[in-house]
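Okay, structure first, notes after.
The values are calculated or read from the model by the stated rules, or taken from the named source; none is laboratory data. If you're wondering where the values come from, they're calculated on a predicted model, not measured in any experiment. Quick reminder, even Gly has a Cβ in these numbers, built from the backbone with ideal geometry, and neighbours come from all protein chains shown. Note: accessible area is taken over every heavy atom of the protein model, side chains too, but ligands, DNA and RNA are not part of it. Shrake-Rupley method; radii C 1.70, N 1.55, O 1.52, S 1.80 Å.
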Amino acid sequence: MENFWTSKKPIIGLRHFVLVNKTKEEGENFFLMVSVVDCEINLKITHKELLNSGNWEKGLLNLPKTESITEDYVRFKSLNKKKGINKVFLNDDSLFNIS
């Protein structure tokens with residue numbers, strides 16, 4: 001499975017994500033995706049959404065800065081300055097688990 005993905009539409013103003021964890025809940029596979037720019041921007045999506053929705057491209061596409069980091073992200077950061085970073089939990093077998 002490819003670890004780096006580009007969203008076709010900005011998610012909270014960002015488009016480049018890395019797959020950091022895979023889980024199975026009630027028989028369905030989920031992926032935890034984290035922005036390569038800001039770990040506060042993360043989401044959990046289904047296997048179907050990632051591979052079959054047409055909303056994601058494999059790899060990190062070379063995009064102009066204005067398309068990869070939008071004003072929505074700048075607005076989000078300015079409104080959420082005081083909030084701390086959410087924890088991201090990794091499985092023992094995750095490529096990003098370095099402990």
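Some observations on this one:
- Length gained on full extension, ASP93 to ASN3, computed as 0.36 nm times the residue gap minus the Cα-Cα distance: 31.0 nm.
- Summary of packing: across the peptides 57-66, 44-53, 6-15, the per-residue average of other C-beta atoms within 10 Å ranks them, highest first, as 6-15, 44-53, 57-66.
- For region 1-41, GluC sites (Glu not before Pro) meeting the loop criterion (DSSP other than H, G, I, E, B) and having at most 13 other Cβ atoms within 10 Å: GLU2, GLU26.
- Cα-derived Rg to Rh of region 1-44, Kirkwood definition: 0.99
- Cleavage-rule hits (chymotrypsin sites (Phe, Trp or Tyr not before Pro)) in region 1-52: DSSP loop, at most 10 neighbouring Cβ within 10 angstrom: none
- Taken along the Cα-to-beta-carbon direction at a fixed 7 Å, the label points for VAL37 and LEU51 span 2.9 nm.
- Förster-model FRET efficiency, 22 Å R0, LYS77 and LYS44, C-beta, rounded to 0.05: 0.55
- Apportionment of accessible area to carbon and sulfur, region 1-78, percent (1.4 Å): 50 percent
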